[in-house]
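Below is a structure I'd like to ask you about.
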Amino acid sequence: NETNVGEKIDIAYDFIINNISYDYDKVELLHPNYIPYPDKTIEELKGICYDYASLLAAMKRSEAIPVKLVKGYSTHVDGYHAWNEILINGEWVVVDTTVDAAYNKANMKFNFSKTKSDYTKVYEY
């Protein structure tokens, strides 16, 4: 049922953008072979874009909702970035919880789905 899928996505998305803080120290010391651990992101309630995207992917995959973890570049962020694509109503929708968490914290307006042309994929998982 598409309504239930949307509600399940909203719960995870809302949790992440309202509870996970960006870890500026981690990004400065990041090892090139860094692997995110969603459990650690929840435990520490902070992370970098790769942590945000891997957490959303893990949460949705645990509910059998098709989701991609994508790495590449975005017009919304300087440098390499990670985000998600979620299959909603037969279409892959770009979702960026890192950007949305920052906008949410700054009380700025934002949309759940992003403009695909603002994102350039390098890898997807």
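Please find, among I17, I65, I88, the residue that is touching a Leu at 6+ places or on another chain (Cβ under 8 Å) and under 27 Å from S117 (Cβ atoms).
After applying the criteria, what remains is I65.
For segment 86-109, give me each residue that is small (G, A, S) and in a helix (DSSP H, G or I).
Of everything in segment 86-109, those that are small (G, A, S) and in a helix (DSSP H, G or I) turn out to be A101, A102.
Among the listed residues E43, E91, E28, E85, identify the single one that is of a type in the set (D, E), surrounded by 15 or more Cβ atoms within 10 Å (Cβ to Cβ) and free of Cβ contacts under 8 Å to residues at least 40 places away in the same chain.
Unique residue meeting the criteria: E85.
If we keep just the residues of segment 60-79 that are farther than 16 Å from A12 by Cβ and either in contact (Cβ under 8 Å) with a residue 60 or more places away in the chain or touching a strand residue (DSSP E or B) at 6+ places or on another chain (Cβ under 7 Å) (or both), which is surrounded by the most Cβ atoms within 10 Å (Cβ to Cβ)?
In this case the residue turns out to be V70.
Something else about it: For Y13, are the conditions met, namely being closer than 22 Å to F110 by Cα, in contact (Cβ under 8 Å) with a residue 60 or more places away in the chain and surrounded by fewer than 18 Cβ atoms within 10 Å (Cβ to Cβ)?
So Y13 does not fit the description; no.
While we're looking at this one, here's another question. I'd like to know if segment 54-69 contains one or more residues that are within 19 Å of L30 (Cα to Cα), at pLDDT 95 or above and outside any strand (DSSP E or B).
Among the residues of segment 54-69, at least one is within 19 Å of L30 (Cα to Cα), at pLDDT 95 or above and outside any strand (DSSP E or B), which makes the answer yes.
Collect the residues in segment 77-112 that are within 15 Å of S21 (Cβ to Cβ) and of a type in the set (D, E, K, R), keeping them in residue-number order.
Once the filter is applied, which keeps residues that are within 15 Å of S21 (Cβ to Cβ) and of a type in the set (D, E, K, R), segment 77-112 yields D100, K105.
Can I ask one more? When you look at I20, is it at pLDDT 95 or above and surrounded by 12 or more Cβ atoms within 10 Å (Cβ to Cβ), yes or no? So that I can check it myself, show each step before the final result.
Working: at pLDDT 95 or above: yes; surrounded by 12 or more Cβ atoms within 10 Å (Cβ to Cβ): yes.
Spelling it out, I20 is indeed at pLDDT 95 or above and surrounded by 12 or more Cβ atoms within 10 Å (Cβ to Cβ).
Out of curiosity, is A57 aliphatic (A, V, I, L, M) and crowded, with 16+ Cβ neighbours inside 10 Å?
Yes.
The values are calculated or read from the model by the stated rules, or taken from the named source; none is laboratory data. Since the model is a prediction, treat every value here as computed from it, not as a measurement. Here Cβ is always computed from backbone atoms with ideal geometry, including for glycine, and neighbour counts include all displayed protein chains.
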